[in-house]
Each structure stands twice: as C-alpha cells, then as structure tokens.
1. Name the residues in segment 74-113 that are aliphatic (A, V, I, L, M) and either over 20 Å from TRP16 (Cα atoms) or touching a Leu at 6+ places or on another chain (Cβ under 8 Å) (or both), would you?
2. Suppose we keep only residues that are at pLDDT 95 or above and hydroxyl-bearing (Ser, Thr, Tyr) within segment 8-43. Which one would you say is nearest to the chain's Cα centre (by Cα)?
3. With respect to VAL34, is the statement that it is assigned to a helix (DSSP H, G or I) and either on the phi > 0 side of the Ramachandran plot or not aromatic (Phe, Trp, Tyr) (or both) true?
4. Which residue, of MET101, MET46, MET60, is surrounded by 14 or more Cβ atoms within 10 Å (Cβ to Cβ), at pLDDT below 95 and not in a loop (DSSP other than H, G, I, E, B)?
5. Looking at ASP70, is it exposed (fewer than 12 other Cβ atoms within 10 Å of the Cβ) and free of Cβ contacts under 8 Å to residues at least 60 places away in the same chain?
6. Just to verify a result, which residue in segment 104-126, among those that are in a helix (DSSP H, G or I) and among the small types (Gly, Ala, Ser), is nearest to MET79 (Cα to Cα)?
7. Scan (1) of a type in the set (A, V, I, L, M); (2) surrounded by fewer than 17 Cβ atoms within 10 Å (Cβ to Cβ); (3) within 26 Å of MET9 (Cα to Cα) for the single condition VAL87 breaks and write down its number.
8. What number of residues within segment 91-135 satisfy the criterion of being among the charged types (D, E, K, R) and more than 23 Å from MET60 (Cα to Cα)?
Amino acid sequence: MMNEKTKKMPPSVDEWLKEAKNDPEALQEGMYLVHNGTVRQTPKAMVRQGLDDGSLVTGMEFFYDAEMVDAAIAKTHQMDGIFHVRVWLNEGHLELGDDIMYVLIGGDIRPHVIDALQSLVETIKTKCVTEIEKR
C-alpha cells in the first residue's frame, strides 16, 4: 500500500496526445477521447442509485490489480478500429478533487472510440480496482 506522501503525479494529457499522434498507426486514427475520473464529494450510492444517507465523501482509498488492468487494455486494443490505448491509475489515499484515473483511446471513427472508452472504463471500475469512500 502507498501512503499519501507517495501519491502519483498525474500524466500530461498533452504529452499523451503528442505521443499518440506520433505513432505510425496515428494515420488511421480520426478521434481521441480522454477520460479523467476524480474524487467527488457526493457518494457513489447517491449518484448511481439515488440513495442519500446524508453523508459526504471526504476522501478515498484506491487500489488496483495491475495484471487485470493490463488484460483490460489488451482486450480494448483488439476492439474494432482501436489503435491507441493508454491508462494511468492513482493509488493509495486520495483527497477530494484528486485524479483517480486517466484513460486515452484513439481510433478510426467516433462509435468505435466511444464504445472502447465506455467498455474499458467500465471494466476497470467494476473488475480491476478497489475504491473505499471515506466519510
């Protein structure tokens, strides 16, 4: 486990895009999408299910299984029209507003890129990470 002093620095999305566009496969790509998840004050149960117990989130403990994330990335690379996939995940104790994750998807057309981003973020959030909201 990491403590808050070793919290990861978020990546530069500008650098990620520059690297993606310099890749030889970039000539096949017509769209890039970036997802940036952050720690919010509103509990997940309230946002997703409308369950309001009156509490607010004050932070989060966040951990992930690197092998499962790598497998999810590899599966995303196999999707139709997807040529670029990059993921960064934070770890440890996170404060409100901290970055949880960045995901960059590059592909040929909008429907392919949107589907790949949705699928990868859903897989990461439901199968690869542990999020414990602190209240």
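The values are calculated or read from the model by the stated rules, or taken from the named source; none is laboratory data. Treat the numbers as computed from the prediction; the structure is a model and nothing was measured. Methodologically, a virtual Cβ is constructed for each residue, glycine included, from the backbone with ideal geometry; neighbour enumeration extends over all protein chains shown.
1. Answer for segment 74-113, where residues must be aliphatic (A, V, I, L, M) and either over 20 Å from TRP16 (Cα atoms) or touching a Leu at 6+ places or on another chain (Cβ under 8 Å) (or both): MET79, VAL85, VAL87, LEU94, LEU96, ILE100, MET101, VAL103, LEU104, ILE105, VAL113.
2. The residue in question is THR38.
3. no
4. Result of the check over MET101, MET46, MET60: MET46.
5. No; evaluated as a whole, the condition is false for this residue.
6. Applying the filter and picking the extreme gives ALA116.
7. (2)
8. 3
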